[in-house]
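Enquirer: Right, I'll just put the structure down here and ask away after.
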Amino acid sequence: MMYSEKVMDHFTNPRNVGEIADADAIGQVGNPKCGDIMKMYFKIENDVIVDVKFKTFGCGSAIASSSMATELIKGKTIDEALALSNRAVADALDGLPPAKMHCSVLAEEAIKSAMFDFAQRHKRDFEGLKGYQPPTGDEDHHDHGEEE
Amino acid sequence: MMYSEKVMDHFTNPRNVGEIADADAIGQVGNPKCGDIMKMYFKIENDVIVDVKFKTFGCGSAIASSSMATELIKGKTIDEALALSNRAVADALDGLPPAKMHCSVLAEEAIKSAMFDFAQRHKRDFEGLKGYQPPTGDEDHHDHGEEE
Amino acid sequence: MNVYLDYSATTPIKPEVLEAMMPFLTQQYGNPSSLHSFGRESRKAVDNARDQIAKTLNASPDEIFFTGGGSEADNWAIKGTAYALKSKGRHIITTAIEHHAVLHACEYLEKEGFQVTYLPVDENGLISLDDLKNAIKSDTILISVMYANNEIGTIQPIEEIGRIAREHRVLFHTDAVQAYGHLEMDTKNLPVDMISISAHKLYGPKGVGALYLRKGVRIHNLIHGGGQEKKKRAGTENIAGIVGFGKAAELAYIDVETHDQRLTALRDDLKNQLMEAIPYTRLNGHPERRLCNNVNLSFEFIEGESMLLSLDMVGIGASSGSACTSGSLDPSHVLLAIGLSHEIAHGSLRLTLGDMTTQEEIDYVVKQLPPIVQRLRDMSPLYEQ
Amino acid sequence: MNVYLDYSATTPIKPEVLEAMMPFLTQQYGNPSSLHSFGRESRKAVDNARDQIAKTLNASPDEIFFTGGGSEADNWAIKGTAYALKSKGRHIITTAIEHHAVLHACEYLEKEGFQVTYLPVDENGLISLDDLKNAIKSDTILISVMYANNEIGTIQPIEEIGRIAREHRVLFHTDAVQAYGHLEMDTKNLPVDMISISAHKLYGPKGVGALYLRKGVRIHNLIHGGGQEKKKRAGTENIAGIVGFGKAAELAYIDVETHDQRLTALRDDLKNQLMEAIPYTRLNGHPERRLCNNVNLSFEFIEGESMLLSLDMVGIGASSGSACTSGSLDPSHVLLAIGLSHEIAHGSLRLTLGDMTTQEEIDYVVKQLPPIVQRLRDMSPLYEQ
Ligand SMILES: Cc1ncc(COP(=O)(O)O)c(C=O)c1O
Ligand SMILES: Cc1ncc(COP(=O)(O)O)c(C=O)c1O
Ligand code: FES
Ligand code: FES
């Protein structure tokens, strides 16, 4: 497991750790069974993300991905946030080891999950949520990326 | 394969190498297929071995055993020669590796084979030849002492 | 400060061991199978190493067979027995907490038509002798139970297991890769038929192990070929490695009791201080019947890899679960087998001590770890103050 | 004078190779599977060695799997293929002159219900491609033909064999333990699926080898366990050995042509001078298609071990037949397969040259050997002047 300096930086000094008491949207993905849970809290004004915080139970790259993803979407619109791919998160971290790519997927999914929450609360539709299915606990049992 | 100094001495400076043109007895054992043939020539006077020579095609311990065995029986009576065991030859050489014990057996057998030849030529019986069966070429295919 | 606390993953080679190896990495390069003098020194060296190891096990040198490591020894013992005895029976008994070298060999055999019983363990990691007895069937051909566990350090009742195996005339193999070098094993008294050991766990080189195979026990070869190792394990011998193994084994057993006492004291100090300093912590493995060098703790609400990374940043090398699988984040099968939930299994930390471990190092870890755990808990959605 | 002419049995480790290994025998002891920095250097080192070897074979690094030696690689390729494909077929084709690691693995499989065809060779040690074609059946699952023979040096037409294997969709393994380091092998062009190699034949350490396994080829594991070697070969990696192997491979292929020319010249000089000086002598192996470092001669009327002993006494290390079996006096299966009678096979001598061999050494052997042969002939009952 060799992480880039960026990953180590965001792991050591994660940005946006914490909770938002009166969040406008909350997203949670992952499964403690798999050793990873990512929870994100959003303040949203006029469809712009004015604040975002996260809490993550997971490996180094999950923490770094949470940190980087929240940085990337802070101040962006909901549509821009929904357009963020896990690869963009990984690239912004100067890459992740192949077995760790799924940790960045969690970040993408946490954002989607929160935006879905926001959409539900406000009965809104977003282009980026088309076909989105919220995760249902146990099913979200991801492949740990082991090679055969 | 670690040989004693005695073996190396008798291998390097074998005693009694050669042939005896008008031998009173000749014995040959072994099989070229197995990589070993031992041939011994005897001069015998009044049942005493007054001279003995050998030729050997075989490994170092076969050559050393031939040399040592001929030394041990030179000047001895036929009965004494027949009493020589392969273990006595090996012991006189300060031992042989387990896989090489059969080379000393060849020396014992070469002597017996020659004494049998002498007994046949002179229609004699010797205590030490009781039950002796001369080897019949191909059958004398010895186990090479390999461990399983 | 650099603190290595992962001695169960692997150990550094001791200087005396390397010194013994050096001639065989330089001038003494002959092949032991060769007749000439170049090979003779190599032959002697292998024989000497075999003697050294035999002595530590109170075994005969011709019961020791060198392999390319502990995993090969395990695979050989298990598959070799299975294939040799398959006409007699196809049932094997092992435990749920074996090293993967045993588990995956058994799982492979299951696909090949063998039946395997995986005995459960209690919350301390011990198997039940009654379970074992109940599992034995008329077609059971092998019992394989590890001597001491590599993750949680629990030591099994090997002598009792061996006696049960004997009573039922079933072959008994023990994976002693972690126990060897720490515990006395007298094969004259211990009813075991096969023992796997590995050099790199006791300050010897990596890539060399051995199988103790009791005289008269016949199993199939795993590696066929040349006549090395009395025709039981083919391949040009890793002379330097074998010499290092012999030396390391000798050194380990010169004063194994002092070694044990010293490490036990350090271990207990480390464990006690950490458990005091960090709430929501549990000790994994048996409180008493455990390896003198093993501390395994679960810290709730956090995940192991992030802990390892944080420790690494302050120079501390540790492991979460077994080194062999830490590339993956599947929770350790051993921790699940002792009843830990997945969440808690994920938050486990193994600290394993060794001959170079000092009190100063222990103190350093006791100072560094608690804030790391706290920081990760503060980041965790599972943790509520 | 000490003259080592047994490079096919094993080679000394080159100083540059040992230098590359040393860090991994001292400070860099981490387990590559560990997450911490102690393990990271080891991981990098293994990856680097894999790259080095892949480059020499024009292969991808993920087609290289390290093993505990050439014999393990052979056993893995053969048994791994057999067990993986046994539902497809149970017929294997190999040759009568393979190394025992291949032969005995095949013989073992015969006992386990497989059928094996052992192709004969001609008087030069070459198989016939027609024989091969005729031997292929609908249930043939593997062809295993060695690249170059360890006793007589004959080089097989590997490319043609591979093409035939491809045409019939049969997997093709080659034991290149002797050829690797001497001959160029480009896996992008050579139709082979598996290649066994071993470090100690090319100035690397003993006890480490590798199997090249073409991408997409699926065989069973021989050693199950931890996730090392992409889960195909378990066991804590022999880092120092692997690093040495990588370095040795790199060095061997820096200028393999010059190496070849130099050794070929020395070899031919040695062979020609000996054949001139000693009557009743024959060259074994192919006159042209042979390894650049191999001389194999049969001297009639005498036996090999006594020749080796005599040579040893004047400081010359050689071999009669393969080093692996020289503990026994059974005549070499290779020499019998090329048609030698038992007697003559017994009188064979293998002299194998290497990078440290000098003209001076060759001259010394040419001076020493003829009187030794004469002395033994004078003692032999088979020899008549
Ligand atoms: C052709 C051939 N194959 C396989 C081997 C076995 O290799 P190792 O000694 O590394 O097990 C050897 C050498 O001993 C060999 O010459
Ligand atoms: C209990 C146990 N068995 C087997 C092994 C495998 O030994 P090796 O790494 O030498 O193959 C290990 C260590 O990795 C172990 O801890
Ligand atoms: S959260 Fe990184 S491995 Fe699953
Ligand atoms: S003659 Fe010595 S081995 Fe047969």
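Enquirer: Can C:Asn272 be described as away from chain D (no Cβ under 14 Å) and not in a helix (DSSP H, G or I)?
Expert: No, not satisfied.
Enquirer: Go through (1) more than 9 Å from every other protein chain (Cβ to nearest Cβ); (2) in contact with a Lys or Arg (Cβ under 8 Å, 6 or more places away or on another chain) for D:Leu85 and report which single condition fails.
Expert: (2)
Enquirer: A further question on this structure: Could you tell me whether segment C:238-246 includes any residue that is out of contact with any Lys or Arg (no Cβ under 6 Å at 6 or more places or on another chain), modelled with pLDDT of 95 or more and assigned to a loop (DSSP other than H, G, I, E, B)?
Expert: no
Enquirer: On to the next question. Does D:His99 qualify as being without any contact (Cβ under 8 Å) to a residue 40 or more places away in the chain and within 25 Å of D:Gly347 (Cα to Cα)?
Expert: no
Enquirer: When you check D:Gly69 against the structure, is it over 21 Å from the mean Cα position of the chain (by Cα) and either away from chain C (no Cβ under 14 Å) or at positive phi (or both), yes or no?
Expert: No; evaluated as a whole, the condition is false for this residue.
Enquirer: Give all pairs with beta carbons closer than 8 Å in which a residue from segment A:55-81 that is surrounded by fewer than 24 Cβ atoms within 10 Å (Cβ to Cβ) meets a residue that is in a helix (DSSP H, G or I) and at pLDDT below 95; count only pairs at least 6 apart in sequence or on separate chains.
Expert: Qualifying pairs under 8 Å: A:Asp79/A:Glu127; A:Asp79/A:Gly128.
Enquirer: Here's another thing I want to ask about it. Looking only at segment D:30-55, count every residue that is in contact (Cβ under 8 Å) with a residue 40 or more places away in the chain and crowded, with 23+ Cβ neighbours inside 10 Å and tell me the total.
Expert: Residues meeting the conditions: 8.
Enquirer: OK, next. Looking for something surrounded by fewer than 21 Cβ atoms within 10 Å (Cβ to Cβ) and free of Cβ contacts under 8 Å to residues at least 24 places away in the same chain - is there at least one such residue anywhere in segment B:36-44?
Expert: yes
Okay, residues lined up against (1) away from ligand 1 (no atom under 16 Å from the Cβ); (2) farther than 25 Å from C:Pro23 by Cβ; (3) of a type in the set (Asp, Glu); (4) touching a strand residue (DSSP E or B) at 6+ places or on another chain (Cβ under 6 Å):
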residue	(1), (2), (3), (4)
C:Glu41	yes, no, yes, no
C:Ile53	yes, no, no, yes
C:Phe66	no, no, no, yes
C:Gly69	no, no, no, yes
C:Gly80	yes, yes, no, no
C:Ala101	yes, yes, no, no
C:Cys106	yes, yes, no, yes
C:Glu110	yes, yes, yes, yes
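Enquirer: Follow-up question, since we're still on this one. Could you please let me know if C:Gly354 is within 14 Å of chain D (Cβ to nearest Cβ), part of a loop (DSSP other than H, G, I, E, B) and within 16 Å of ligand 2 (Cβ to nearest atom)?
Expert: Yes, satisfied.
Enquirer: I've got another one for you. Which helices (runs of 4 or more DSSP H) does segment C:120-234 wholly contain that include 2 or more residues that are basic (Lys, Arg)?
Expert: Per the criteria, C:158-167, C:228-231.
Enquirer: Can A:Asp143 be described as of a type in the set (Asp, Glu) and modelled with pLDDT of 95 or more?
Expert: So A:Asp143 does not fit the description; no.
Enquirer: Considering only residues that are within 27 Å of C:Ile316 (Cα to Cα) and away from ligand 2 (no atom under 16 Å from the Cβ), which ones fall in segment C:234-256?
Expert: Within segment C:234-256, C:Leu251, C:Val256 meet the criteria.
Enquirer: Output the qualifying pairs, or none if there are none: Cβ atoms under 7 angstrom, residues six or more apart or on different chains, first residue in segment D:240-260 and within 30 Å of C:Gly244 (Cα to Cα), second residue of a type outside the set (A, V, I, L, M, F, W, C) and surrounded by fewer than 19 Cβ atoms within 10 Å (Cβ to Cβ).
Expert: That search, which allows pairs on different chains as well, returns D:Gly246/D:Asn48; D:Lys247/D:Glu16; D:Leu251/D:Glu16.
Enquirer: Hey, among the residues in segment A:108-140 that are at pLDDT 95 or above and within 14 Å of chain C (Cβ to nearest Cβ), which one's farthest from ligand 1 (Cβ to nearest atom)?
Expert: A:Ala114
Enquirer: Is it the case that C:Leu266 is more than 19 Å from the chain's Cα centre (by Cα), in contact (Cβ under 8 Å) with a residue 60 or more places away in the chain and away from ligand 3 (no atom under 16 Å from the Cβ)?
Expert: Considered against the rule, which asks whether it is more than 19 Å from the chain's Cα centre (by Cα), in contact (Cβ under 8 Å) with a residue 60 or more places away in the chain and away from ligand 3 (no atom under 16 Å from the Cβ), C:Leu266 comes out as yes.
Enquirer: If D:Pro61 meets every condition in (1) surrounded by 17 or more Cβ atoms within 10 Å (Cβ to Cβ); (2) modelled with pLDDT of 95 or more apart from one, which number is that one?
Expert: For D:Pro61, the failing item is (1).
Enquirer: For segment D:96-115, which positions are surrounded by 18 or more Cβ atoms within 10 Å (Cβ to Cβ) and either in a helix (DSSP H, G or I) or under 21 Å from the mean Cα position of the chain (by Cα) (or both)?
Expert: Hits for segment D:96-115 are D:Ile97, D:Glu98, D:His99, D:His100, D:Ala101, D:Val102, D:Leu103, D:His104, D:Ala105, D:Cys106, D:Tyr108, D:Leu109.
So that you can scan it fast, the table gives a plain yes or no per residue for (1) in a helix (DSSP H, G or I); (2) within 13 Å of chain C (Cβ to nearest Cβ); (3) out of contact with any Lys or Arg (no Cβ under 7 Å at 6 or more places or on another chain):
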| residue | (1), (2), (3) |
| --- | --- |
| D:Met22 | yes, yes, yes |
| D:Gln28 | no, yes, yes |
| D:Lys44 | yes, no, yes |
| D:Asp47 | yes, no, yes |
| D:Asp62 | yes, no, no |
| D:Asp74 | yes, yes, yes |
| D:Ala77 | yes, yes, yes |
| D:Ile93 | no, no, yes |
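Enquirer: Considering only residues that are out of contact with any Asp or Glu (no Cβ under 6 Å at 6 or more places or on another chain) and more than 21 Å from C:Lys206 (Cα to Cα), which ones fall in segment C:44-70?
Expert: Of everything in segment C:44-70, those that are out of contact with any Asp or Glu (no Cβ under 6 Å at 6 or more places or on another chain) and more than 21 Å from C:Lys206 (Cα to Cα) turn out to be C:Lys44, C:Lys55, C:Ala59, C:Ser60, C:Asp62, C:Glu63.
Enquirer: Here is a further query. Among what's in segment C:3-16 and is over 20 Å from the mean Cα position of the chain (by Cα) and in contact (Cβ under 8 Å) with a residue 40 or more places away in the chain, pick the residue that is nearest to the other protein chains (Cβ to nearest Cβ).
Expert: Within segment C:3-16, the match that is nearest to the other protein chains (Cβ to nearest Cβ) is C:Val3.
Enquirer: Say we look at segment A:110-127 and pick out the residues that are out of contact with any helix residue (DSSP H, G or I) (no Cβ under 8 Å at 6 or more places or on another chain) and surrounded by 18 or more Cβ atoms within 10 Å (Cβ to Cβ); which of these is nearest to C:Asp330 (Cα to Cα)?
Expert: By that ranking, first place goes to A:Ser113.
Enquirer: From the residues in segment B:128-137 that are free of Cβ contacts under 8 Å to residues at least 60 places away in the same chain and either of a type outside the set (Val, Ile, Thr) or surrounded by 17 or more Cβ atoms within 10 Å (Cβ to Cβ) (or both), which one is nearest to ligand 3 (Cβ to nearest atom)?
Expert: The qualifying residue nearest to ligand 3 (Cβ to nearest atom) is B:Gln133.
Here's the yes/no breakdown for (1) farther than 21 Å from C:Arg350 by Cα; (2) under 21 Å from the mean Cα position of the chain (by Cα); (3) among the β-branched types (Val, Ile, Thr):
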site: C:Val177; (1), (2), (3): no, yes, yes
site: C:Leu183; (1), (2), (3): no, yes, no
site: C:Pro191; (1), (2), (3): yes, yes, no
site: C:Ile239; (1), (2), (3): yes, no, yes
site: C:Gly246; (1), (2), (3): yes, yes, no
site: C:Val256; (1), (2), (3): yes, yes, yes
site: C:Gln273; (1), (2), (3): no, no, no
site: C:Ile278; (1), (2), (3): no, no, yes
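Enquirer: Look at C:Glu300 and say whether it is surrounded by fewer than 21 Cβ atoms within 10 Å (Cβ to Cβ), more than 14 Å from chain A (Cβ to nearest Cβ) and over 18 Å from the mean Cα position of the chain (by Cα).
Expert: Considered against the rule, which asks whether it is surrounded by fewer than 21 Cβ atoms within 10 Å (Cβ to Cβ), more than 14 Å from chain A (Cβ to nearest Cβ) and over 18 Å from the mean Cα position of the chain (by Cα), C:Glu300 comes out as no.
Enquirer: Scanning for something out of contact with any His (no Cβ under 7 Å at 6 or more places or on another chain), among the hydroxyl-bearing types (Ser, Thr, Tyr) and under 15 Å from D:Glu229 (Cα atoms), does segment D:65-72 turn up at least one residue?
Expert: Yes, segment D:65-72 has at least one match.
The values are calculated or read from the model by the stated rules, or taken from the named source; none is laboratory data. Computed from a predicted structure; not experimentally measured. Note that we place each Cβ from the backbone using ideal geometry, even for glycine, and neighbour counts take in every protein chain shown.
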